[in-house]
Amino acid sequence: MARLRLSAAAQTDILGLLVWSDERFGEAARTRYEARLVAALADLAAEPDRPGSLPRPELGNGIRSYHLHHSRTRVPGKRGAVRRPRHLVLYRIERSGTVEVGRVLHDAMELERHALFDHPEDR
């Protein structure tokens, strides 16, 4: 299993989406979404180039995306029931094999405007 590292931007994204989910849909919905997100991140750590992940050269060198809906079967029962997850993980695989998560963004966003990783020279 690869090591997983979240950028400061990704951490902020995750906190924001979970707070928004809690405020908008309640604690139970936030917990379900959080479980889906954790499953997706675990899936990426286990298999960074897993089916469903896409190369995104338009966003920068080595950047890939993975939509949370691809991890729908990984959270059992009601705890994981999220009908339409709307976020995707932008990440890259470093030479060391570490999976660096740069952003976790809503799928309706213009990715090119928000996809910066912590290292702008890598774009």
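Listed by first and then second residue, the pairs linking a residue in the stretch 1-29 that is more than 17 Å from residue 104 (Cβ to Cβ) to a residue that is outside any helix (DSSP H, G or I), with Cβ atoms under 6 Å apart and 6 or more places separating them unless they lie on different chains, are 2/48; 2/97; 2/99; 3/98. Here is the figure for the stretch 1-35: residues that are at pLDDT below 90 and either over 15 Å from residue 82 (Cβ atoms) or of a type in the set (Lys, Arg) (or both) total 3. Looking across the stretch 1-27, the residues that are within 22 Å of residue 45 (Cα to Cα) and part of a loop (DSSP other than H, G, I, E, B) come down to 1, 2, 3, 7. Cβ separations smaller than 6 Å between residues 6+ apart or across chains give the following pairs from the stretch 76-88 residues that are modelled with pLDDT of 80 or more and in a loop (DSSP other than H, G, I, E, B) to residues that are of a type outside the set (Gly, Ala, Ser) and surrounded by 18 or more Cβ atoms within 10 Å (Cβ to Cβ): 85/36; 85/68. The single residue among 55, 48 that is exposed (fewer than 14 other Cβ atoms within 10 Å of the Cβ), closer than 25 Å to residue 97 by Cβ and at pLDDT 90 or above turns out to be 55.
Taking the stretch 37-64 as the range and being in a helix (DSSP H, G or I) and touching a strand residue (DSSP E or B) at 6+ places or on another chain (Cβ under 9 Å) as the test, the residues that pass are 37, 40, 41, 42, 43, 44, 45, 57, 59.
The values are calculated or read from the model by the stated rules, or taken from the named source; none is laboratory data. Source: prediction; values computed, not measured. In this analysis, Cβ positions are derived from the backbone assuming ideal geometry, glycine residues included, and neighbour counts consider all displayed protein chains.
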